[in-house]
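Before any comments, here is the structure.
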Amino acid sequence: MGMLLFLASCTEKQKAKNTVKSFVETNIKAGTDYSIGGFGSIDSTRYVTNDAISLMKSNAKNKSHFKSNTQYGERLQKEQLKYINATIKVNGKDSTYTFYLSNDLSSVVAIK
């Protein structure tokens, strides 16, 4: 049972990493020198409100290396979100972001 849970967790983390990598590749400004470093553990939360998601999206627009028209996935009503931290090196400087993902890990809903 423990091994099965471990394997499911690994698969879930890999899916989250792939979703984040795709999101960054699609939404980083053209010509930006970046690389994605390490990822933290994946976890879940029900405590992120839709207002908080809107604020995170607004704040992300002000990040110079993300496109102002960044495309996010939609959160289903009261859906539990998954999240994972990632370190991204942009133009030689490391920054850590929290990526909030849909419960099925298919899209990024917000970044902080």
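The values are calculated or read from the model by the stated rules, or taken from the named source; none is laboratory data. Note that the structure is a prediction, hence the values are computed from the model and not measured. Neighbour counts run over all protein chains shown; Cβ positions are idealised from the backbone, glycine included. To get the accessible areas, we keep the full protein, side chains included, count just its heavy atoms, and leave off ligands, DNA and RNA. Shrake-Rupley method; radii C 1.70, N 1.55, O 1.52, S 1.80 Å.
Just a few scattered comments:
- Residues in the chain average 63 Å² of solvent-accessible surface per residue, probe 1.4 Å, ligands and nucleic acids excluded.
- Under a 5 Å amide H cut-off, with hydrogens placed 1.01 Å from N, Val109 pairs with Gly73, Tyr100, Leu101, Ser102 among residues at least 5 apart or on other chains.
- For Phe66, the amide hydrogen comes within under 5 Å of the amide hydrogens of Lys29, counting only partners 5 or more places away or on other chains and with H modelled in the peptide plane.
- Links that overshoot a 19 Å alpha carbon limit, given the list Lys15/Lys67; Lys13/Lys78; Lys82/Lys112; Lys13/Lys82; Lys15/Lys63: Lys15/Lys67; Lys13/Lys78; Lys15/Lys63
- Summed side-chain charge close to Ile111 - residues other than Ile111 whose Cβ falls under 9 Å, Lys, Arg +1, Asp, Glu -1: +3
- For the stretch 65-77, the Karplus equation 6.51 cos²θ - 1.76 cosθ + 1.60, evaluated at θ = phi - 60°, returns couplings of 9, 9, 4, 5, 9, 3, 9, 10, x, 9, 8, 6, 3 Hz by residue, with Gly and Pro reported as x.
- Inter-label distance, nm, simple model (7 Å from Cα along the C-beta direction), Thr45/Asn103: 1.7
- The structure-derived value of semi-axes √(5λ) of the Cα gyration tensor in Å appears in the list [x] 19, 18, 13; [y] 32, 20, 11; [z] 24, 18, 11 under the label [z].
- Karplus-based coupling profile of the stretch 94-104, in residue order and whole Hz: 7, 9, 10, 10, 9, 9, 9, 10, 4, 4, 8, with θ = phi - 60° in 6.51 cos²θ - 1.76 cosθ + 1.60 and x standing for Gly or Pro.
- Protein accessible area in the chain, 1.4 Å probe - carbon and sulfur %: 49
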